[in-house]
Amino acid sequence: MKILFLANRVPYPPYRGDKLKIFNLAKRLQGKHELHLLTFAQTQEDLGYKAELEKIFKEVHFVYLPKWKSAINCLSGLWDATPFQVLYFRSKELQYILDELLKANTYDAIHVQHLRMSPYLSERKDIARILDLPDAFSLYWERRKTVKRGMLTALFENAEQKRILNYENVLKEYDLSLVCSAEDLAYLENTHHTGNLGLLPNGVDLDTFASRDHDYSHSKTILFTGNMDYSPNVDAVVYFTETILPIIRSERPDVQFIIAGQRPVPKVIALANEYITVTGFVKDLAATYNSASVVVAPLRFGAGTQNKVLEAMALGVPVVCSNIGFGGLGIKSGEGAIMQTDPLAFARSVIDLLSSEEQRRKVGEAGMQVIKTRFDWDIIAGTLESYFQEVADKYRNPNV
């Protein structure tokens, strides 16, 4: 098949989030299909990655959209009902290039990444299109309401949540819309009363995050990973440090907490002290996971599944996490990750793991098995391939 990927960000380097998913899926489909890419480049650095992406995609097209242009786009949101998330990625230039590509090429299917890119192909009913949502975005914003915020922030976020909830109906315009967890899928089905939804989980690159014979004997290091300018992650580490970590340290005063992730904001940097380390960007994240005794993911809002949980499980490191994203894993608490929502119970689970090598090994090894059988990118790419075939067949055989 000839497939076009329409992405909101340059999918390289594949460290986190949107970039990681597109890169890993395309990497596994390239040998079987002819892949093309159209994406926004937000920085001059992004423009330098074209050669790397051309190793996977036959054609790579960039549209330069610096952040200052996106900010201007968002000004129209003062009198526009479109969500700011969508306005941020509005571009006449990208629409023009996309239209020209569609005239010059016959694609069997098009993969549209994120609600943010949905306007560009929502009306093209003559082409097989899949909308891939990283999560139920309206659910993400709904959960933000549960966290204490300033009055102006709350007013803006509540308004944005309403806009997104209304705009999300665009998923009905696509042949198929995908989400990464069963929890998000059920939410969208119930909210928008649509049946054109499918499941495409987040995955783990088992070459990068291959088992390194994790050493279960050490018991003093707690790890949190993620992009540290991402609001749910920032809230999670502040919450953990202020509310949960003191409980843990009352019984385990020797424990060290490591916050590993790129672009830490000042609020995160300020957490560093003699027992809390803020690393910034880490090139070998697998090694950092392997140095941890327990990984924590105490997120209080968000949606989808958490890469930090999947990656730790792949390496056999036990995880204690909140309910955010846990439902989408389809596992029982203890099968790689222990789910707790109460801060005291969360702290207790971390303490219990730190206190028992046998328990760390049991939970960690269960997680490795889950990842190998269900969250390997090779398996997930095969699922996406089947979805492409399904929507393409509808246009090849419209009477079937």
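What follows is calculated from the coordinates using simple rules that are stated; it is not laboratory data. The structure presented is a predicted model; accordingly, all values stated were derived computationally and were not measured. We place every Cβ from the backbone using ideal geometry, glycine too, and count neighbours over all the protein chains shown.
Restricting to DSSP H runs of at least four residues, report the calculated mean residue ellipticity at 222 nm for the chain, -39500 (n - 2.57) per run over all residues, nearest 500 deg cm²/dmol.
Values: 17 runs with 167 residues, N = 400.
The helix contribution divided over the chain gives -12000 deg cm²/dmol.
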| task | Report the local net charge at N158: Lys and Arg +1, Asp and Glu -1, summed over other residues whose C-beta lies under 12 Å from its C-beta. | result | +2
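Net charge around K103, counting only other residues with Cβ within less than 14 Å of its Cβ (Lys, Arg = +1; Asp, Glu = -1)?
Working: positive: R124; negative: D99, E100, D126.
My count for the surroundings of K103 gives -2.
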| Calculated from backbone phi, Karplus (6.51, -1.76, 1.60) coupling profile of the range 121-130 in Hz, x at Gly/Pro | 9, 5, 9, 8, 7, 9, 10, 6, 10, 10
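Using Cα pairs closer than 8 Å and at least 6 residues apart in sequence, work out the relative contact order for the range 134-250, in percent.
Values: 68 pairs, mean separation 23.8, N = 117.
Contact order relative to length: 20 percent.
Kindly provide the Kirkwood hydrodynamic radius of the range 221-374 in Å, to one decimal, from all pairs of distinct alpha carbon atoms.
15.1 Å
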| Using Cα pairs under 8 angstrom and six or more residues apart, how large is the relative contact order of the range 213-272, in percent? | 53 percent
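What number, in percent, do you get for the relative contact order of the chain if the mean sequence gap of Cα pairs under 8 Å and at least 6 apart is divided by its residue count?
Details: 733 pairs, mean separation 61.6, N = 400.
Relative contact order, the chain: 15 percent.
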| query | Given H placed on each backbone N at 1.01 Å, which residues far from V278 in sequence or on other chains put an amide H within less than 5 Å of it? | reply | I259
| query | Using modelled amide H (1.01 Å from N, peptide plane; none on Pro or chain starts), what sits under 5 Å from the amide H of L178, excluding residues fewer than 5 places away? | reply | L131, D132, L133, G198
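Would you mind counting up the charge near M117? Only other residues with Cβ under 12 Å from its Cβ, with Lys and Arg at +1 and Asp and Glu at -1.
Values: positive: R9, R90, R116, R129; negative: D18, D132.
So the surrounding residues net to +2.
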| note | Karplus ³J(HN,Hα) for the range 146-152 (6.51 cos²θ - 1.76 cosθ + 1.60, θ = phi - 60°; Hz, whole; x = Gly/Pro) runs 7, 9, 4, 9, x, 4, 5
| Out of I22, I72, I110, any idea which swings most in a Gaussian network model of the chain, alpha carbons joined below 10 Å? | I72
| field | Label zone at K55, where the point sits 7 Å out along the Cα-to-Cβ direction: the range 12-35 residues whose backbone N lies under 12 Å | value | 13-14, 27
| task | Work out which GluC sites (Glu not before Pro) in the chain are exposed loop sites (DSSP not H, G, I, E or B, at most 14 other Cβ within 10 Å) and give the longest gap free of them. | result | 124-273
| message | Taking loop as defined by DSSP and a crowding limit of 15 other beta carbons within 10 Å, which trypsin sites (Lys or Arg not before Pro) in the range 168-221 fit? | response | R212, K220
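Given charges of +1 on the Cβ of Lys and Arg and -1 on the Cβ of Asp and Glu, with all other atoms neutral, how large is the dipole of the range 24-77 about its Cα centre, in debye to the nearest 20? List each step's numbers first, then the result.
Numbers: 8 positive and 6 negative charges, 32 e Å.
Roughly 160 debye, rounded to the nearest 20.
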| request: With springs only between Cα atoms under 10 Å apart, run a GNM on the chain and tell me which of D175, D80, D376 wobbles the most. | output: D80
| Net dipole in debye of the chain [+1 Lys, Arg Cβ; -1 Asp, Glu Cβ; about Cα centre; nearest 20] | 560 debye
| message | What number do you get for the chain when its Cα radius of gyration is normalised by 2.2 N^0.38 Å, N = residues? | response | 1.00
| Among the trypsin sites (Lys or Arg not before Pro) within the range 254-325, which fall in a DSSP loop and have no more than 12 other Cβ atoms within 10 Å of their own Cβ? | K283
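Cα-Cα over 31 Å: which of K92/K283; K32/K67; K69/K145; K27/K394? Present the calculation step by step, with values, prior to reporting the outcome.
Details: K92/K283 36 Å; K32/K67 36 Å; K69/K145 29 Å; K27/K394 26 Å.
Pairs exceeding the cut-off: K92/K283; K32/K67.
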